[in-house]
1. Leaving out ligands, DNA and RNA, and with a 1.4 Å probe, what % of the accessible surface on the stretch A:66-159 is carbon or sulfur?
2. To the nearest 0.05, what FRET efficiency results for B:LEU238 and A:GLU65 with a Förster distance of 41 Å applied to their C-beta separation?
3. Work out the charge dipole of chain B with +1 on the Cβ of Lys and Arg and -1 on the Cβ of Asp and Glu about the Cα centre, then indicate which of B:ILE243, B:MET38, B:GLY77 is farthest towards its positive end.
4. Which whole-number percent is the relative contact order of the stretch A:135-254 (Cα, under 8 Å, 6+ apart)?
5. If A:SER178, B:SER118 are ordered by their accessible area, calculated over protein heavy atoms with a 1.4 Å probe, which sequence runs from highest to lowest?
6. Residues of the stretch B:92-125 losing 50 Å² or more of accessible surface, assembly versus chain alone, probe 1.4 Å, please list them.
7. So what is the relative contact order of chain A, in percent, for Cα pairs below 8 Å that sit 6 or more residues apart?
8. Checking an interface number: how much accessible area is buried between A and B, summed over both chains, with a 1.4 Å probe, in Å² rounded to 100?
Amino acid sequence: MSGDTLTLTLRIWRQNGPNEAGGFREYRLSGVSTHMSFLEMLDVLNEQLIESGEEPVAFDHDCREGICGMCSLMINGQAHGPDKATTTCQLHMRQFADGDTITIEPWRATAFPVVRDLVTDRSAFDRIISAGGYVSVNTGNAPDGNSIPVPGHQQEKAMDAAACIGCGACVAACKNASASLFVSAKVSQLAILPQGSQERTSRVLDMVNQMDEEGFGHCTNTYECEAACPVEVSVSNIARMNREYIRASIVAGE
Amino acid sequence: MDLLCKICSWPACLLARLPGIGPIVKMCFTSIGQKILMALTGLALVGFLVTHLAGNLLLFKGEEQFNTYAENLHSLGGALVVAEVGLFGAFAVHMCLAISTTAMSRRARKSSYAEQQSKRDDVILGGGGASRFMLITGVLIGAFLVLHVADMKFNLRDKLGITQFEHGDEESGNLYLHVRQVLRDPVTRVVYLVALLGLGIHLSHGISSAAQTLGLHHRRWNVLIRGGGMLLAWAIALGFLSIWVLGFLK
Ligand code: HEM
Ligand code: FES
């Protein structure tokens, strides 16, 4: 390795507001430590921009430990950058080489309008959850852990789907801007469990309806979503969502 | 486009109110429902292609065998007409939905990325392999079909005086000789070659994609479904291409 610092050229999408035209701006950044996370690198850039009197680059982040799903950058054409199973906040600058040019764009989907620079409005996901991604029971006191037996392999599948942090990388990476992986994870995590299976019919119909209404695309089974997903949600969930959907439309009556 | 969709969907909206089949009709308006229908019609078309190929391979058996097969087929009479209408219907539904879903996805991303790279490590062509070429290969197949049906069934190019196929059409003439002659035509050669390669690409994604769309996904079977889909796709395409090669023989 050539020392511990990098000099980079950053091509960053700048856009002042939702309805304004945007474009790329280039910035040179030197002295970037290879131990920095990608967001820390942007922090350094922003400090320089503030010092020089320019508006800092707006980007989303919160936990910075890979669990909240807020960070969302298209880095060199890959959602969350080149690492597999990694969020942007967990991506380290050691993945890049000295002298690299890095292109940074916001997620691009009609359903995720750009708010400013690299920040997009992903409330479409919240509305899909509100449409059916819940279980309507009175919670009351905490029930006994084993009062409803759930076989181990079912728990595993539900947990794997529930790992989804709602970052939107699946939509960003899909050539059709389809939200199928996200919606299927949310449908699956509940449909698999006894508590959630009670409302499985109306849930899948309502959530798919909302997904279409928000203007996401359809699924072409290209599986870019799975590859881009920072928590590796599997496309087997999409097959399950489709089965749930067929069942709900054709045989189930509620 | 949107207005057209609204007008076209009006009778279907009424149907969706019907008890019983209502939910099924409604399904046809959603992204998933449309993909399910595409998968079903696509697989039905694959079924047709397999039988069509099996029948056509009789061309290698010689004039008599092939013509007897054709005669037997035509002796089905009404049943054949019903099958042809069904086939046409499957094509029509498949193509309309292809346009509808593609339009849906174009609307879903209006401004594209400056750069895009696949994160998958198992595709030959970046960005989804054959799945990127579904519409274009589909259109190629569609264009081929127009020429194919016009020549083989109606002998239209001959009737319009564009070509001189002396053996007439399937009703009056010798179908075997007619087919051999059509295959020797230079326009046929180019169009068929391109379309059949397109068909191989279309199906190499289409068959396994249809399985996934219909919910067939299991860790144990995925390799088999994907491998089998690919194999069947190219078996069909190469099978038809062998007949294309026949156009160069003798
Ligand atoms: C012999 C003719 C054809 C066969 C056997 C066939 C078969 C299939 C199959 C099995 C699928 C997969 C469905 C799925 O992903 O669930 C498919 C997808 C598709 N077909 Fe065809 N098809 C044929 C002709 C056409 C034509 C004429 C078009 C014209 C536009 C077309 C356009 C498409 C498109 C765009 C898709 C991709 C949809 C998507 O993945 O989102 N196909 N086809
Ligand atoms: S900031 Fe929370 S996942 Fe990246």
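The values are calculated or read from the model by the stated rules, or taken from the named source; none is laboratory data. Bear in mind that the values here come from a model prediction, so they are computed numbers and not experimental data. Positions of Cβ are backbone-derived with ideal geometry, glycine not excepted, and every protein chain shown enters the neighbour counts. All accessible areas refer to the heavy atoms of the entire protein, side chains included, with ligands and DNA or RNA removed. Shrake-Rupley method; radii C 1.70, N 1.55, O 1.52, S 1.80 Å.
1. Numbers: 2230 of 4410 Å².
Answer for the stretch A:66-159 is 50 percent, counting heavy atoms of protein chains only.
2. Calculated value: 0.20.
3. It is B:MET38.
4. On the way: 140 pairs, mean separation 39.0, N = 120.
Relative contact order comes out at 32 percent.
5. B:SER118, A:SER178
6. Residues shielded by partner chains are B:SER105, B:ALA108, B:ARG109, B:TYR113, B:ALA114, B:GLU115, B:GLN117, B:LYS119, B:ARG120.
7. Numbers: 463 pairs, mean separation 48.4, N = 254.
About 19 percent, as a whole number.
8. Numbers: alone 12740 and 15920 Å², together 24900 Å².
The summed interface area works out to 3800 Å².
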